[in-house]
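Q: Handing you this structure, nothing more for now.
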Amino acid sequence: MTELDTGGIVQVSDGGVSVEIKGEAMTLNIGPQHPSTHGVLRLVAEVDGERISKLDPVVGYMHRGKEKLAEVRTYAQITALINRIDWVSGFANEVGFVIGVERLMGIEPPPRAQYIRLILTELTRISNHLVFASSYPLELGAATPLMYAFREREHIMDVIESVTGGRFHPNFNRVGGVKPAAGGGKTQKKVSLDLPAGFYAAAANAMDRAEVACDELDELVTGNEIIQVRAKNVGVISREDVLAYGISGPNARASGIEFDLRKHEDILPYSDFDWNVAVRHHGDSFDRYLVRMDEIRESIKIVRQAIANVPSGPLQAKVPRVLKVPPGSVYVRTENPKGEMGYYIVSQGGRVPYRVKIRSASFSNISMMSKVAVGQLIPDLVATMGSLDFVLGDVDR
Amino acid sequence: MAIPGIGLVKGLWVTLKALFTKPVTIMWPDEKELLVPRARGVIALDIDNCTSCMLCSRECPDWCIYIEAHKVEIQPDKPGGRVRTRNILDRFDIDYALCMYCGICVEVCPFDALYWSPEHEYGEFSISNLLHNKERLDEWMQTVPEPPALEN
Amino acid sequence: MITIAAVPFALWLAVKVLVVLGLMLGTSLVLIYAELKWSAHIQSRIGPWYVGGRWGWAHPIAEAVKFLQKEDLVPEAADDKVFRLAPYVMLAGTVATFVVIPIGPSTVARDLDLGIFYLLAISSLSTLGVLMAGWGSGNKYSLIGGVRAGAQLIAYELPLVLALVAVGIQAGTLSLTGIVAAQAAPLFTIGGTDIALPYVLSGQILGFTVFVIASLAELNRTPFDLPLAESELTMGYVTEYSGIRFTMFFLGEYAGMVSMAAIVATVYLGGFYLPGLSEDVLDFAGPFILLAKVFFVLFLFIWFRWTWPRVREDQLQTLAWKWLIPITLFNIVATATAKVVL
C-alpha cells in the first residue's frame, strides 16, 4: 500500500472519513474585457475549482472625469455632459442636476414642464428595465428575449426622439423647465419644442407595445424553470446588508425595503397619479428581476395616466440668458432607474459651479460584490452581477 | 397545479410563433428609415444670417466650432449716410469628430443661423474629412425640414 | 501482394470514404445555413441575405473561406502537440459515425453487426478531443471549460447508452439496418392494412426524450453549453483556436449535430423507411426521406437552443445522475418486460 501524502486534514466521524486536501487557489482575472460585466469591470477572483473564495472588484477603467469637467463648464454645458453618466437611461440623469440648480436659484418650473419631465423620465425607466430584462437572460444563456425587448424598445426611443431630437442623450432639461425652443425651419424663427402632433398617440402605442413585450418576456423568461433554478436563492442580499452598504433602487426593493424616492422626495409630481411601489422579500437574483418587471408595469400605468392630463402652459420659467447661480450648496437625490442618484452642487456665484459631486447608484450597488460572491460558483457570480443591473459609466463617472 | 416543465413548453410556443411572424428588419440600403423632423443628425449653417458673434463657439462644450471673420465697411447708399461695418465669415468649421450633438450652439444662436437636420449618412473613411467647412454646412441647409406641427 | 481482386476493394473503400466525408460536410454546411436562418426568424430578424445574391445561401461557404485565411496561432504557453492534434481527434470521432447509418435498404457504407455499440464507442472519441483542447491551450479559461466539458460529456454518456440499450432489446439486434427493418415490420393490422410504427410511437417515447436531452449535452449545445459559455468564459475550450483549427471545431460541432440527428432519425423515427413504399422506390428515395427526418430532429435542436438558457453544471450533473439514469433503467426494464410478455 502506498503512502499518500495529501498534506490534508483527516477527519473521522460517524458515517465516514473526509479528507481535506490543501492546494493552491487559482487566481482568475475576469475582465476588464468580458462579455458579461456590462462594461470594463475587472474582478480578480481566487477560485478553488469553480468555487470563489475571494473577489476583488477593480473599477476605474472608464473614468471620464465628469466631476472635474463640471468645474470648468457652464450649467447648460454640464447638462449635456451628465446625461452620459448612465447611458441607458439618459433623461433621468439630467433631472436631478437641473432641479438642484433650480433650488439654488429659487425657481419653480411650470407644471407643463414638470409633466413632460415626468413622462420622459418614466419612458426612460421602462427603456432601461427592458434592456435589463433582456440582457439578464442573455447572460444566463438565452439569446432570444433580447431581440424581443429591443424590438419594443424602439417604439419608446422613437417617442423620445420625436420630442427631444435624441434617443439616448436627449439634453432636453433646462434650468427652469425643459428646452423651450430651438432653431426652426427656413421660414420661421425660433420654433417651439413643445410636444409634436401625434405624441399622445405614439406614446400610447409605445405603452401597448411595452406591455406586449412584458407579457412575452413573462412567458419566455419568468416562467422558465431553468431561469428559476439558476436565479432563485442565488446572490441573496439581506436587509441589513442593503442598509449597511447603501444599495438602492430595485435592488433594495427586492430585499423587502419599501423605499422609493419618487414617493418620498418631492421632485416631480408623482403624487398626482395612482401607482404602487414594487417590493419583493427574498433578496435573491430572481426577485431583483421580478421587481424590475413589476416596475415596468407600474411605469406604464403612470405614463398612461400622465398623457391624459398634461396641463398647458409655458415650457420654461423666466431665467436670464446668461445664467449666474447665487452662492450656496444643495444636495438633490432622484430615483434613477438603477437606484438613487444624487447631485451635490456647490456654487460660489458665477456661471460655473465650484464643485459638483455625483453620487451614482451603481457604485454603491456593486460594493456588495466581494461579500456576496464568496462561496458562489462562477456561473452564479454572473447571475448575481447581471441582476444588480449596473453600468460602468455609472460606476466610474 | 403546474406540471413541471410547463414553463419550458410555453417558452417554446412563444418562439415558434415568432418563427412564423414577419421580421421587423428594415433592409438598409434598399429601404431607409424615416427620421422624425427634430432628429439631431447634422448642423446646418445659414451663412447670410451669421454675424460671427462667437456665441456658439464659446458655448460648445467640446470647442469644436472654429470661426474666423473680418470686418468690411459698406458705403452708404446716399451721401451723408453712416458707414456700416459687417462681419464676413472667412472660416466656419464644425468638427464632427468632436461634436457631441448636444444642440447648445443651435439653441444659443441669436440670429437663427444654425439649424438641425436629420441627415445622418455622412460617414468618411478619414477623420480629417469630418471637419465640415462653411460651404458644406451651407449645403446641409437644403435638408433642414419644416418643424412638425404641435400637439393641440 | 496486391491482387487484381484487391484493387477494386481499395478503390471502393476510397470512394466510400470520400462519399461519407462529402455527405457529412455538405449536410453540415446546409445545417449551418439552416441554423442561421431559423434562429434569425425566431429572433424576429432576417439572418444572411446579401451573400450569394439573395437569401444568403453562400454564407456558410464564405464563412469557411474566411476562417481558412486567418492567422494560424499557437499560444506560447500551449502544449504544442496536444494543442495541434485536438481538433482532428474531435472531428474524427464525429465523422466516423456516418459509416454505419443506412441511407437506403441496401446503401450503407458498412453494415456492422454491432452498429449501436460501434456508434457509441466512436462518438466518445470526441470527448477526448475536447479535453485535449482544454488542457493544451495553456489558458485558465480554457482549462475550466475543458474540465467542465469532460465532466459533462462523461456524465451524459450513460443515459445515451442506456436509452439505446432499450432499443436494442426491442429490435432484437444491434445493427442499424436491422433496427430499421424491425421498425418497418408491421405491428398490428387495422381493417386489412398493416400498420408499422416507428419506435418513438411504439413504446420508446421515454427513451426518445432522454436520448434527445443526452445528445444535446453530448454536443455541448444549449441548454448544456456551459463549456462553451460565451457570456462567462469567452468560448471556453475553443478560446485559443483560430483559422483552420477553429473551423475543425466548428464543423465538428455541426457534424456532431448531424450525426446525432441521424442516429435519432434511424433508431427512433424509422430511418429511410416510409410505409407504403416498395424496396425499389426506397432505394432511390430513401436518402431524401432520411434527410427530411434528420432535419426535423435538427429543427428541434435549434429550437431548443434559441429558447432556453443554460443550466449550471452541478444542476446538469444532478439531472444526469439523479433523473435521466433512473428513467432509462426503468425504460429498459419496461421494454424487456413488454418484449417478453407481448
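The values are calculated or read from the model by the stated rules, or taken from the named source; none is laboratory data. Here the structure is a predicted model, which is why all the values come from computation and not from measurement. Please note: Cβ atoms are built from the backbone with ideal geometry, for glycine as well, and neighbour counts cover all protein chains shown.
Q: Does residue C:62 qualify as being over 22 Å from the mean Cα position of the chain (by Cα), outside any loop (DSSP other than H, G, I, E, B) and within 14 Å of chain A (Cβ to nearest Cβ)?
A: Working: over 22 Å from the mean Cα position of the chain (by Cα): yes; outside any loop (DSSP other than H, G, I, E, B): yes; within 14 Å of chain A (Cβ to nearest Cβ): no.
For residue C:62, the condition - over 22 Å from the mean Cα position of the chain (by Cα), outside any loop (DSSP other than H, G, I, E, B) and within 14 Å of chain A (Cβ to nearest Cβ) - is not met.
Q: Something else: Which residue, of A:252, A:244, is farther than 18 Å from residue A:296 by Cβ and part of a helix (DSSP H, G or I)?
A: Unique residue meeting the criteria: A:244.
Q: Of the residues B:8, B:34, B:12, which single one is within 12 Å of chain A (Cβ to nearest Cβ), assigned to a loop (DSSP other than H, G, I, E, B) and either within 30 Å of residue A:216 (Cβ to Cβ) or modelled with pLDDT of 85 or more (or both)?
A: B:34
Q: Pick out the one residue from A:283, A:342, A:350 that is within 21 Å of residue A:95 (Cβ to Cβ) and small (Gly, Ala, Ser).
A: None of the others qualify; the one that does is A:342.
Q: Restricting the first residue to the range A:153-166 and requiring it to be surrounded by fewer than 21 Cβ atoms within 10 Å (Cβ to Cβ), which pairs with a second residue that is of a type outside the set (Phe, Trp, Tyr) and not in a helix (DSSP H, G or I) meet a Cβ separation below 7 Å and a spacing of at least six or different chains?
A: Listed by first residue and then by second, the contacts come to A:157/A:167; A:161/A:167; A:161/B:36; A:161/B:39.
Q: Which one of these does residue C:272 not meet: (1) surrounded by 15 or more Cβ atoms within 10 Å (Cβ to Cβ); (2) over 19 Å from residue C:178 (Cβ atoms)?
A: Only one criterion in (1) surrounded by 15 or more Cβ atoms within 10 Å (Cβ to Cβ); (2) over 19 Å from residue C:178 (Cβ atoms) is unmet by residue C:272, namely (2).
Q: Sticking with this one: Restricting attention to helices (runs of 4 or more DSSP H) lying wholly within the range A:295-397, give those where 2 or more residues are crowded, with 19+ Cβ neighbours inside 10 Å, touching a residue at least 60 places away in the same chain (Cβ under 8 Å) and among the β-branched types (Val, Ile, Thr).
A: A:378-388
Q: With respect to residue C:48, determine if the residue is more than 30 Å from residue A:146 (Cβ to Cβ), crowded, with 18+ Cβ neighbours inside 10 Å and more than 14 Å from chain A (Cβ to nearest Cβ).
A: Answer is no for this residue.
Q: Then there is this: For the range C:270-278, indicate whether the set of residues that are in a helix (DSSP H, G or I) and of a type outside the set (Asp, Glu) is non-empty.
A: Checking the range C:270-278: not a single residue is in a helix (DSSP H, G or I) and of a type outside the set (Asp, Glu).
Q: Assess whether residue C:44 counts as being touching a helix residue (DSSP H, G or I) at 6+ places or on another chain (Cβ under 7 Å), free of Cβ contacts under 8 Å to residues at least 40 places away in the same chain and among the hydroxyl-bearing types (Ser, Thr, Tyr). I'd like the intermediate steps shown before the answer.
A: Details: touching a helix residue (DSSP H, G or I) at 6+ places or on another chain (Cβ under 7 Å): yes; free of Cβ contacts under 8 Å to residues at least 40 places away in the same chain: yes; among the hydroxyl-bearing types (Ser, Thr, Tyr): yes.
The answer is yes for residue C:44.
Q: Okay, next question. State all residues of the range A:210-241 that are in a helix (DSSP H, G or I) and more than 11 Å from chain B (Cβ to nearest Cβ); if no residue qualifies, say none. Explain how you work it out, then say what you get.
A: The first filter runs over the range A:210-241 and keeps only residues in a helix (DSSP H, G or I), leaving A:210-222, A:225-231, A:239-241.
Hits for the range A:210-241 are A:210, A:211, A:212, A:213, A:214, A:230, A:231, A:239, A:240, A:241.
Q: What are the residues in the range A:38-58 that are in a strand (DSSP E or B) and in contact with a His (Cβ under 9 Å, 6 or more places away or on another chain), if any?
A: The answer is A:42, A:43.
Q: Please work out which residue is surrounded by the fewest Cβ atoms within 10 Å (Cβ to Cβ), limiting yourself to the range B:83-109 and to residues that are more than 9 Å from chain A (Cβ to nearest Cβ) and part of a loop (DSSP other than H, G, I, E, B).
A: Of everything passing the filter in the range B:83-109, B:83 is surrounded by the fewest Cβ atoms within 10 Å (Cβ to Cβ).
Q: Here is a further query. Restricted to the range A:93-152, and to residues that are of a type in the set (Asp, Glu) and within 30 Å of residue C:303 (Cβ to Cβ), which residue is nearest to the other protein chains (Cβ to nearest Cβ)?
A: Taking the range A:93-152 as the starting set, the residues that turn out to be of a type in the set (Asp, Glu) are A:94, A:102, A:108, A:122, A:139, A:152.
Now restrict to residues that are within 30 Å of residue C:303 (Cβ to Cβ): A:139, A:152.
Values: A:139: 5, A:152: 10 Å.
Restricting to residues being of a type in the set (Asp, Glu) and within 30 Å of residue C:303 (Cβ to Cβ), the top hit is A:139.
Q: Given the structure, is residue B:44 touching a residue at least 24 places away in the same chain (Cβ under 8 Å), facing chain A (nearest Cβ under 8 Å), touching a Phe, Trp or Tyr at 6+ places or on another chain (Cβ under 9 Å) and of a type in the set (A, V, I, L, M, F, W, C)?
A: Numbers: touching a residue at least 24 places away in the same chain (Cβ under 8 Å): yes; facing chain A (nearest Cβ under 8 Å): no; touching a Phe, Trp or Tyr at 6+ places or on another chain (Cβ under 9 Å): yes; of a type in the set (A, V, I, L, M, F, W, C): yes.
It is false that residue B:44 is touching a residue at least 24 places away in the same chain (Cβ under 8 Å), facing chain A (nearest Cβ under 8 Å), touching a Phe, Trp or Tyr at 6+ places or on another chain (Cβ under 9 Å) and of a type in the set (A, V, I, L, M, F, W, C).
Q: So, one more: Check residue B:136 against each of (1) within 14 Å of another protein chain (Cβ to nearest Cβ); (2) assigned to a helix (DSSP H, G or I); (3) out of contact with any helix residue (DSSP H, G or I) (no Cβ under 7 Å at 6 or more places or on another chain) and name the one condition it does not meet.
A: For residue B:136, the failing item is (1).
Q: Condition first: at pLDDT below 90 and touching a His at 6+ places or on another chain (Cβ under 7 Å). Can you find one or more residues in the range A:117-138 that meet it?
A: Within the range A:117-138 (the criterion being at pLDDT below 90 and touching a His at 6+ places or on another chain (Cβ under 7 Å)), the answer is no, since none of the residues qualifies.
Q: Taking into account only those residues within the range C:208-250 that are acidic (Asp, Glu) and more than 28 Å from residue C:164 (Cα to Cα), which is modelled with the highest pLDDT?
A: Among those residues, the one meeting the criterion is C:240.
Q: Let me ask you something else. Pick from the range A:177-208 the residues that are more than 9 Å from chain B (Cβ to nearest Cβ), at pLDDT 80 or above and buried (at least 16 other Cβ atoms within 10 Å of the Cβ): which of them is farthest from the chain's Cα centre (by Cα)?
A: Here the answer is A:202.
Q: A further question follows. Give the residue that is nearest to residue B:6 (Cα to Cα), with candidates limited to residues of the range C:315-338 that are within 12 Å of chain A (Cβ to nearest Cβ) and of a type in the set (A, V, I, L, M, F, W, C).
A: Across the range C:315-338, the extreme among qualifying residues is C:319.
Q: Based on this model, can you work out whether residue C:13 counts as surrounded by 15 or more Cβ atoms within 10 Å (Cβ to Cβ), part of a helix (DSSP H, G or I) and at pLDDT below 85? Quick ask: steps written out before the conclusion?
A: Values: surrounded by 15 or more Cβ atoms within 10 Å (Cβ to Cβ): no; part of a helix (DSSP H, G or I): yes; at pLDDT below 85: yes.
The answer is no for residue C:13.
Q: For the range C:281-314, which positions are part of a helix (DSSP H, G or I), touching a helix residue (DSSP H, G or I) at 6+ places or on another chain (Cβ under 6 Å) and within 14 Å of chain A (Cβ to nearest Cβ)?
A: C:302, C:306, C:307, C:313
Q: Condition first: within 14 Å of the chain's Cα centre (by Cα), away from chain A (no Cβ under 13 Å) and not charged (D, E, K, R). Now tell me which residues in the range B:114-130 satisfy that.
A: Matches in the range B:114-130: B:122, B:123, B:130.
Q: Could you tell me whether any residue of the range C:241-249 is assigned to a loop (DSSP other than H, G, I, E, B) and within 14 Å of chain A (Cβ to nearest Cβ)? Steps first, answer last, please.
A: Taking the range C:241-249 and keeping what is assigned to a loop (DSSP other than H, G, I, E, B), we get C:241-243.
Filter again for within 14 Å of chain A (Cβ to nearest Cβ), leaving none.
Taking every residue of the range C:241-249 in turn, none turns out to be assigned to a loop (DSSP other than H, G, I, E, B) and within 14 Å of chain A (Cβ to nearest Cβ).
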